[in-house]
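To keep things clear, I will list the structure first and then write my remarks on it.
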Amino acid sequence: MTFSANKLLLFGATGDLSQRMLLPSLCALTSDGLLPDNIDIIGTARSEYTDESFRNFASEALAKFLPAGRKVDIDTFLTKLRYQDLDASTPEGFDALAKCVGPIGTGENEGLSIFLSTAPSLFEPTIKGLAANGLAPNGRDANVRIGLEKPLGTDLASSCQINDAVASAFTEDRIFRIDHYLGKETVQNLLALRFANIMFEPLWNAAHIDHVQITVAETVGLESRVGYYDGSGALRDMVQNHILQLLALVAMEPPTSFDATAVRDEKVKVLRALRPIQPSETVTGQYKAGAINGEAVPGYDDELGRDSETETFVALKAHIDNWRWKGVPFYLRTGKRMPERTTEIIVKFRDVPFSIFEDRGAKTLPNTLVIGIQPRENIRLSLMAKVPGLDRGGIRLRQVPLDIAMPDAFAGPERRIAYERLLLDLVEGDQTLFVRRDEVEAQWNWIDGIRETWGEANITPKTYTAGSWGPSSAIALAERDGVTWHE
Ligand code: BG6
């Protein structure tokens, strides 16, 4: 049994994520009365702020980044904020932080949630500093937990190092690894679609599904993240986490309950069943100057200010080696500077085994299920229907969509930022939407294999024009199999 924690310690409180997502989410949660009334939010970072100036900083961030139309009580939220500066790379200063946090109660709805949104190089010293100053008590009564923002390492070895460091002070049931895609409503809806409806599960296998596509396309380029992105690339920035989590939710067996252990047990089995990628199953790209929505945008090298071999696009043909998915390819792709921002999952079913309409001149097309994650939040199932008429010249069939737009179906409930859900779950201690250590390690294991393949086969990014769907070889990757990327 866990209780809500009434203290929240935010590392990286002045950073970009904090301004864009964390502070707005916490403000919305506070205004809606979802956090404990006596919640005490302590921000910490290297910058020198007083409580007062940090509140001003937060207030400016809220003015910029709170979603339009969101009704919140900013003044009350600001009173919950305090600040303590800290250079987390050295042990000094943690005692002052501990003093600022004050005693961590062990009563009902008392405790501490810690959230690390800092450079991963600070994770280890931060954990040490917390542990040495009583901020990581592990006793049975202690209601203390820690949330970790990505990137959790750059490969399996560095990820294990981070996981070991965290595990030295926190047990796994207190570690909350964030993948913000799991906080998205449409991603959670995947579970409802699969496991709250009877009609999909009998068809959800190799006998009835031809292939699956997962696309996460972005129009943005490097933004202001040069230092991080060039050392990462699309594979590690997007596939290792978000795309593999989407894949796991699409492919997993039905869990026995909607609880953290049951759901994560099933996801990790899928991640471990991913077959190593062959050189012919991977394409990488890097954008050169082009135009998006009629606006000229520079190439990656120009944005970076030097040449680079970092991929800003990756396409993969993945296989899951288990009974359910034997022979069903999962085409995955993600890229920056694509023509539009879209995240969607396409499930292409097989054709009917025998068409009774063929000798009447009508062709059937396979059913397709499109799950729009963002910005279109919809579920579209294409079905074959008869074109009305007397059919003197033969029967005509056409594909028609059964399209459910989530915002129309659920006009009432407030649209929440993914981090609202995740921060609330962290404060309340529910791990279902967080990534377990074995999942992260299975993800890295597969990704490391791909990077080795790139090295061995000398695969380097092909250029693609900004505003296109990646290099032509990515199109060929699917078309070789008679598959067209959904656009
Ligand atoms: C982050 C990546 O994890 O996800 C970014 O580091 C990417 O490069 C972002 O832009 C995409 O998130 P969303 O929620 O906008 O799809």
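The values are calculated or read from the model by the stated rules, or taken from the named source; none is laboratory data. Keep in mind it's a predicted model, so treat the numbers as computed, not measured. Methodologically, a virtual Cβ is constructed for each residue, glycine included, from the backbone with ideal geometry; neighbour enumeration extends over all protein chains shown. Surface areas here come from the heavy atoms of the whole protein model, side chains and all, with no ligands, DNA or RNA. Shrake-Rupley method; radii C 1.70, N 1.55, O 1.52, S 1.80 Å.
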So, in the stretch 217-240, of the ones that are within 8 Å of the ligand (Cβ to nearest atom), under 17 Å from the mean Cα position of the chain (by Cα) and not hydrophobic (A, V, I, L, M, F, W, C), which residue ends up nearest to D16 (Cα to Cα)?
Y229
Unique residue being touching a helix residue (DSSP H, G or I) at 6+ places or on another chain (Cβ under 6 Å), surrounded by fewer than 16 Cβ atoms within 10 Å (Cβ to Cβ) and under 27 Å from G129 (Cα atoms) when the list is P91, P103:
P91
Could you list, in sequence order, the residues of the stretch 241-262 that are assigned to a helix (DSSP H, G or I) and either more than 16 Å from the ligand (Cβ to nearest atom) or on the phi > 0 side of the Ramachandran plot (or both)?
A248, V250, A251, A260, T261, A262
Residues in the stretch 305-330 that are among the hydrophobic types (A, V, I, L, M, F, W, C) and open to solvent by 20 Å² or more (accessible area, probe 1.4 Å): how many?
1
Checking the structure you have, find out if any residue of the stretch 215-227 is in a helix (DSSP H, G or I), out of contact with any strand residue (DSSP E or B) (no Cβ under 7 Å at 6 or more places or on another chain) and under 20 Å from L116 (Cβ atoms).
yes
Quick check: anything in the stretch 45-59 within 24 Å of the chain's Cα centre (by Cα) and open to solvent by less than 20 Å² (accessible area, probe 1.4 Å)?
no
Would you mind stating whether E340 is among the acidic types (D, E), surrounded by 16 or more Cβ atoms within 10 Å (Cβ to Cβ) and at pLDDT 95 or above?
no
Can you tell me how many residues in the stretch 331-389 are basic (K, R), within 16 Å of the ligand (Cβ to nearest atom) and outside any loop (DSSP other than H, G, I, E, B)?
1
Checking A273, A296 in turn, the sole residue that is more than 22 Å from R376 (Cα to Cα), surrounded by fewer than 23 Cβ atoms within 10 Å (Cβ to Cβ) and either without any contact (Cβ under 8 Å) to a residue 12 or more places away in the chain or among the aromatic types (F, W, Y) (or both) turns out to be A296
What number goes with the only condition from (1) more than 11 Å from the ligand (Cβ to nearest atom); (2) open to solvent by less than 50 Å² (accessible area, probe 1.4 Å); (3) in contact with a helix residue (DSSP H, G or I) (Cβ under 9 Å, 6 or more places away or on another chain); (4) assigned to a loop (DSSP other than H, G, I, E, B) that A206 does not pass?
(3)
Heads up, the helices (runs of 4 or more DSSP H) in the stretch 417-487 (entirely inside) with at least 3 residues that are more than 26 Å from D155 (Cα to Cα) are 418-428, 472-479
Just give me the residues in the stretch 222-256 being more than 16 Å from E439 (Cβ to Cβ), open to solvent by less than 50 Å² (accessible area, probe 1.4 Å) and of a type in the set (S, T, N, Q), in sequence order.
S232
Test E281 against the stated conditions and say whether it is closer than 20 Å to G482 by Cβ and either surrounded by fewer than 21 Cβ atoms within 10 Å (Cβ to Cβ) or modelled with pLDDT under 95 (or both).
yes
Suppose we keep only residues that are in a loop (DSSP other than H, G, I, E, B) and not polar (S, T, N, Q) within the stretch 1-33. Which one would you say is surrounded by the fewest Cβ atoms within 10 Å (Cβ to Cβ)?
M1
Need the failing condition index for P413 against (1) assigned to a loop (DSSP other than H, G, I, E, B); (2) open to solvent by less than 60 Å² (accessible area, probe 1.4 Å), just the number.
(2)
Of the residues that make up the stretch 34-52, is at least one part of a helix (DSSP H, G or I) and out of contact with any Ser or Thr (no Cβ under 6 Å at 6 or more places or on another chain)?
yes
